[in-house]
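One structure is given below, encoded as structure tokens.
No value in this document is a laboratory result; all are computed from the given coordinates. Quick caveat, the model's predicted, so the values are computed rather than measured. Note that we place each Cβ from the backbone using ideal geometry, even for glycine, and neighbour counts take in every protein chain shown.
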Amino acid sequence: MSASPFPFGPIPEVAGRIVVVAGDDIDTDRIIPARFLKCVTFEGLAEGAFADDRLELAGSHPFDRPEHQGATILVVNRNFGCGSSREHAPQALMRWGIRAVVGESFAEIFFGNCLALGIPCLSADHATILALQQQALADPAACFLLDLASAEIRGQAPAAGLEPAQRWDLSMAAGPQQMLLSGQWNATGQLLSHEEELQRTAARLPYLATFALG
Amino acid sequence: MGIGGTVSAGTLYDKVWDLHRVAELPGGSTQLFIGLHLIHEVTSPQAFAALKELGLGVRHPERTVATVDHIVPTTSQARPFADPLAEEMLATLERNCAEHGITLHALGSGRQGIVHVIAPELGLSQPGMTIACGDSHTSTHGAFGAIAFGIGTSQVRDVLASQSLAMNKLKVRRILVEGTLQPGVFAKDLILHVIRSLGVKGGVGFAYEFAGSCIESLSMEERMTLCNMAIEGGARCGYVNPDATTFAYIKGRPFAPEGAAWDRAVTWWSALASGPDARFDDEVRFEAATIPPTITWGITPGQGIGVDEAVPTPEQMPAEERPIAEEAYHYMGLAPGAPILGLPVDVCFIGSCTNGRLSDLRAAAAVALGRHVAPGIKAFVVPGSEQVAALAEAEGLDTLFEKAGFEWREPGCSMCLAMNPDRLEGRQISASSSNRNFKGRQGSASGRTLLMSPAMVAAAAVTGQVSDVRELLESHPVAGSASAEPRPVAISPSPLP
């Protein structure tokens, strides 16, 4: 659905239009209903993104509205992605075109799943998120630049009605921020590089040797 | 003590974290060794595919244990499954396990079941372990004093490849529960009460340590129910310090240490409990005796009330909770201020990783005994595992339920999440012993879920409406305690390969 490639390497910024999905406690069952989990690959999950909500709203869900097609930044409210650990949720969002999520707060597992896919989740307080959402809703064509190093999102010219200098402060824990900036968000390689340390740790866990005397 | 690493001071969480710390990663997260990796058919296929793409193998197949639970039908489990997608998922799991030398507790093995039911009953889940699984209810295993948490598929790939994960340390909130639960009030009510009080996002960034005299008096199965739903309160893991109850449960199970190793294990496990020097980032306290049978009325597990309370009005809640309450009134078709007692239900589901264990079935059976499912109500009981089914059948619970008009099913996740044929239709209301009342969770985009204890579900089934189980227990001559710890049936022990 999205023409832009999936995240790869260092992620200093995400540019593009905003799509707002408002509401607290939006769980991963709503982001992708369980019936879409009956698969052995993640391909084709885009159509499952918010499937039941979209069905109910018959075309008026933000993910269906023409002005939001191609949006890359999802702006949400509190505790987004709570519930099931299904990575299918961020996979579906990513395959729809989302490359970054900005919200008041995120559920832990969802945040980690996004990180593992190279999708930054940044937070801001209630007032900031509301202001950002209102701005984006007022001008759906407006382009924004999410700058990861400075943890801010700013309006990009030429956005109608948007002061070029308008910016909103966001936050992200230093660890995930560094992982994304340095391109080390895909942890597999790093984890495998610590062979000696892995062996040393395993050696001090008595249950791995069924509590045999060492 | 002759074995293992030095156990540091602090909370159990701190100690287990320190023991499993492999390295500090650039960027500030910690590489954590994973002691037990549980996998199932839904969140593992893409992880195995990724391994293949990277040319990697499974580092510790002997620390990886598989079963099939989410997609299995609970009526006929004959292969191939009627649903070709479900069949493909199981076939993929079988192929991946065979290829990598991973033990799969398959259908009909006597050991299959919901992953969070079988790992404890096989003695795989033990104190002091780190346990990961591509399923958010992995927090269940914290009941043993393990640090257990759900992960996504990319992380499943990482654990398969390296037996470790990049993690950030959580804060620890101690949840003290003192005193005794009233008759008719169960661990499910306790955790629904905690989530109601602290909110569904109250636990974000925290591990929950459950402690206090009430927690100490709970059976292992009750502790599992409690820790299972820590995630519904936003806490990725919840745990209880290991004690004599923990050790008694584990002893003699197929993967439990034996002989002299058992004694060394108990010594090591005991030293892991949070000590008097432990410092908590936060602490809250509950009085068990004040907790009523608790039921959800809305669309998040935090929207709970005592069974004899009314649906809260917007005026009764903080402003920030009102928008989702409005959404819940609309979705549930419930008016603010309306009583929940007497609300008619359509479907009654007893089972799931929260409440599909023997003591849960016994508690429901105590209500069902001598009564009958109300006309027009569909009620069914899904044991959490083949072992639970065998134990229940050995004591005649299947017959008891069937006589009372309940269907007795084969083990699986069933209607908790609707990845199998068990699901709500249209706007049906279910009384459910599962863990999530999200919109659409039970398989119908407009289906409605009321979370409650298995005994409360049985009470709803026999009355056809939301009822106060305490009244049914009081008027019941055969009601008794359902807290006795079940023992495993004889299943051939086999050590980890």
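What's the magnitude of the charge dipole for region B:70-123 around its Cα centre, counting Lys and Arg as +1 and Asp and Glu as -1 at the beta-carbon? Answer in Debye, nearest 20.
Computed about the Cα centre, the dipole is about 140 debye.
Choose one answer from A:ALA127, A:ALA34, A:ALA92: the residue with the largest mean-square fluctuation in a GNM of chain A with alpha-carbon springs under 10 Å.
Of A:ALA127, A:ALA34, A:ALA92, the most mobile in the Gaussian network model is A:ALA127.
Using the Cα centre of chain B as the reference point, and only Cβ charges (+1 on K/R, -1 on D/E), how large is the resulting charge dipole? Debye, rounded to the nearest 20.
Dipole of chain B, to the nearest 20 debye: 540 debye.
Let me know the Kirkwood hydrodynamic radius for region B:12-285, please, with Cα pairs as the basis and the value in Å to one decimal. Present the calculation step by step, with values, prior to reporting the outcome.
On the way: mean 1/r = 0.0519 Å⁻¹.
Hydrodynamic radius (Kirkwood, Cα only) of region B:12-285 equals 19.3 Å.
So what's the gap between the Cα centers of region B:205-281 and region B:91-122, to the nearest angstrom?
Each part's Cα centre sits 24 Å from the other's.
If you line up the long axis of helix A:108-117 against the longest principal axis of chain A, both from Cα atoms, how many degrees apart are they, to the nearest 10?
It is inclined by approximately 90 degrees.
With the Cα gyration tensor of region A:13-183 giving a ≥ b ≥ c as the square roots of its eigenvalues, does the rule (a/c under 1.5 for rounded; else a/b larger than b/c for prolate; else oblate) give rounded, prolate or oblate?
Here region A:13-183 falls in the oblate category.
Select from A:LEU148, A:SER60, A:SER84 the residue farthest towards the positive end of the dipole of chain A; place +1 on Cβ of Lys and Arg, -1 on Cβ of Asp and Glu, and compute about the Cα centre.
Result: A:SER84, furthest along the dipole toward the positive end.
Of A:GLY118, A:GLY81, A:GLY23, which has the largest mean-square fluctuation in a 10 Å C-alpha GNM of chain A?
A:GLY23
I need the GluC sites (Glu not before Pro) found in region B:191-259, filtered to DSSP loop residues with at most 15 other beta carbons within 10 Å of theirs.
Answer by residue number: B:GLU258.
Might you report the magnitude of the Cβ-based charge dipole of the protein assembly as shown about its Cα centre, with Lys and Arg at +1 and Asp and Glu at -1, to the nearest 20 debye?
Numbers: 52 positive and 76 negative charges, 153 e Å.
Here the protein assembly as shown has a charge dipole of around 740 debye.
How large is the helix-only mean residue ellipticity at 222 nm for chain A, computed as the sum of -39500 (n - 2.57) over DSSP H runs with n ≥ 4, divided by its residue count, in deg cm²/dmol to the nearest 500?
Values: 8 runs with 66 residues, N = 214.
Using -39500 (n - 2.57) per qualifying helix, the result is -8500 deg cm²/dmol.
Rank A:LEU130, A:LEU115, A:LEU191 by mean-square fluctuation in a GNM of chain A with C-alpha springs under 10 angstrom and give only the top-ranked residue.
A:LEU191
Long-range amide H contacts for A:LEU170: which residues qualify at under 5 Å (H placed 1.01 Å from N, peptide plane, sequence gap of 5 or more or a different chain)?
Amide H neighbours of A:LEU170: A:GLU152, A:ILE153.
At q = 0.15, 0.20, 0.21, 0.24 Å⁻¹, what base-10 log of I(q)/I(0) does the Debye formula yield for region B:366-451 when every alpha carbon is treated as an equal point scatterer in vacuo?
-0.59, -0.98, -1.05, -1.21
From Cα pairs below 8 angstrom and at least 6 apart in sequence, can you work out the relative contact order of region A:13-183, rounded to a whole percent?
24 percent
Which residue, B:PRO80, B:ASN228, A:ILE26, has the largest displacement toward the positive end of the dipole of the protein assembly as shown when charges sit on each Cβ (Lys, Arg +1; Asp, Glu -1)?
The Cα lying farthest towards the positive end belongs to B:PRO80.
If one takes the longest principal axis of the Cα atoms in chain B, at what angle in degrees, from 0 to 90 and to the nearest 10, does the Cα axis of helix B:454-463 lie?
20 degrees
I want the antiparallel fraction of DSSP beta bridges within chain A, as a percent rounded to 5.
Working: 14 of 25 bridges.
Antiparallel bridges make up about 55 percent of those DSSP assigns within chain A.
Determine the distance separating the Cα centre of region A:38-78 from the Cα centre of region A:164-214; give it in Å without decimals.
Cα centroid of region A:38-78 versus Cα centroid of region A:164-214: 31 Å apart.
What fraction of the DSSP beta bridges in the protein assembly as shown is antiparallel, stated in percent and rounded to the nearest 5?
The answer is about 35 percent antiparallel.
The protein assembly as shown: percent of C-alpha pairs farther apart than 50 Å?
Distances greater than 50 Å cover 9 percent of the Cα pairs.
Mind checking which of B:GLN428, B:ALA325, B:GLY113 is farthest towards the positive end of chain B's charge dipole, using Cβ charges of +1 (Lys, Arg) and -1 (Asp, Glu) about the Cα centre?
B:GLY113
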